[in-house]
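Below you'll find the structure, written out as structure tokens, and then a few comments.
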Amino acid sequence: MQVLVTGVAGFIGYHLAKRLLTEGIQVYGVDNLSDYYDVNLKQARLAQLRSLPGFTFQFLDLSDRTGVAQLFEAQSFDYVVNLAAQAGVRYSLINPHAYVDSNITGFVNVLEGCRYHPTKHLVFASSSSVYGINPKIPFATSDNVDHPISLYAATKKANELIAHTYSHLYGIPTTGLRFFTVYGTWGRPDMAYFKFVKAIEEGKAIDVYNFGNMQRDFTYVDDVIEGVVRVMHNPPTQTKNNSDAPSTVPYTLYNIGNNKPVALLKFIEVIEQALGKEAKKNLLSMQPGDVPITYADVDDLMRDVGFKPDTPIEVGIDRFVGWYRSYYGKK
């Protein structure tokens, strides 16, 4: 069995590839090693993967139509997991074209590959950002998500619509996964928890937006990977969870979240306890594109694959701090 993992040098891509490889599954990983954040960290993840049997890496930008077409022509993939994307809500205000190139053009190129070279299941990363300022909580996949408040969210909603179209037209079994604030070891330096740990370790102040009046459904990366693997092996035969548009299209969506929002100030307190240091806080107003709360309804995930994330933030943050200090040589 061979699985294509795009964005394999990224945070979730690395963890997924490692999990599959340890289970004896061949992984063909591609990544463009974008400099959106520290490329050395991405190279370090790749070094870990290269030490495991069954791993193949190709440098590839998914916006390269010819390159992606040649990849699918040359290789045979049982499953495709598309995790490559330009991430970050706030960066989409600065560099919108990066989001269109990666999240739209790149994704269509992958869909075209699956169209002409069928796979058992295409799984792709969406985001909790698609819910925007949805007033209903917890967020369910049947909720209306037609009002994104960032370009990043809009591209992820577009991914879902385009994927549904391809699934309808060409019968590609397809599942979109709306990830909720994923954190953990080998994480992304642009994420708040990573920035908090770094700043507190260095005795610097942290920026706390909306004066700390925010909640997030923090989801530990190992739980996310468990969800991805179970979903990957469970391709849809029809749409199950879009109540306002019943369909026989082999397409569906799942939330992958901890189903337990945590107040931002509580989250910071857990980080302080793990570090044994107190944070200096800059309390600031809400940033454009941000939302006050995320909260995942995971009933569909539990129903279909028998799993829901449940790692407590105390456990997850302790693991991250241990990794951070080891990786960056902290005492």
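The values are calculated or read from the model by the stated rules, or taken from the named source; none is laboratory data. Remember, predicted model here, so these are calculated numbers, not experimental data. Don't worry about glycine lacking a Cβ; one is built from the backbone with ideal geometry, like all the others, and counts go over all protein chains shown. Each accessible area value is taken on the protein alone, full model and side chains, heavy atoms only, with ligands, DNA and RNA left out. Shrake-Rupley method; radii C 1.70, N 1.55, O 1.52, S 1.80 Å.
Just a few scattered comments:
- Test for Val270: is it open to solvent by 20 Å² or more (accessible area, probe 1.4 Å), more than 24 Å from Ser167 (Cα to Cα), β-branched (Val, Ile, Thr) and assigned to a helix (DSSP H, G or I): no
- Taken as a whole, the structure places Asp190 among residues that are out of contact with any Ser or Thr (no Cβ under 6 Å at 6 or more places or on another chain), open to solvent by 10 Å² or more (accessible area, probe 1.4 Å), at pLDDT below 95 and not in a strand (DSSP E or B).
- Evaluation of Gly227 against (1) among the small types (Gly, Ala, Ser); (2) more than 30 Å from Ile162 (Cα to Cα); (3) not in a loop (DSSP other than H, G, I, E, B) (one fails), failing number: (2)
- Across region 138-155, the number of residues qualifying as open to solvent by less than 10 Å² (accessible area, probe 1.4 Å) and closer than 15 Å to Gly88 by Cα comes to 2.
- Of the residues making up region 39-51, at least one is open to solvent by 60 Å² or more (accessible area, probe 1.4 Å) and touching a strand residue (DSSP E or B) at 6+ places or on another chain (Cβ under 9 Å).
- Count of residues meeting criterion [surrounded by 24 or more Cβ atoms within 10 Å (Cβ to Cβ), assigned to a helix (DSSP H, G or I), touching a Gly at 6+ places or on another chain (Cβ under 9 Å) and of a type in the set (A, V, I, L, M, F, W, C)] in region 13-38: 2
- Meets criteria (in contact (Cβ under 8 Å) with a residue 12 or more places away in the chain and either open to solvent by 20 Å² or more (accessible area, probe 1.4 Å) or in contact with a Pro (Cβ under 7 Å, 6 or more places away or on another chain) (or both)) for Gly54: yes
- Cβ-Cβ under 6 Å pairs, at least 6 apart or on other chains, region 206-223 side at positive phi, far side open to solvent by 40 Å² or more (accessible area, probe 1.4 Å): Asn210/Met286; Phe211/Leu283; Gly212/Leu265
- If only residues of region 158-168 that are among the hydrophobic types (A, V, I, L, M, F, W, C) and touching a residue at least 12 places away in the same chain (Cβ under 8 Å) are counted, the one that is most open to solvent (accessible area, probe 1.4 Å) is Ile162.
- Close contacts from region 295-320, counting a first residue that is open to solvent by less than 80 Å² (accessible area, probe 1.4 Å) and a second that is among the acidic types (Asp, Glu), with Cβ to Cβ under 7 Å and a gap of 6+ residues or different chains, come to Tyr295/Asp217; Ala296/Asp217; Phe307/Glu226; Pro309/Asp223; Thr311/Asp222; Thr311/Asp223.
- The residue list Val145, Val197, Val182 contains one member that is in contact with a helix residue (DSSP H, G or I) (Cβ under 6 Å, 6 or more places away or on another chain) and within 20 Å of Leu16 (Cα to Cα), which is Val182.
- Among residues of region 101-137, those that are of a type outside the set (Ser, Thr, Tyr), open to solvent by 30 Å² or more (accessible area, probe 1.4 Å) and either at pLDDT 95 or above or over 19 Å from the mean Cα position of the chain (by Cα) (or both), counted: 11
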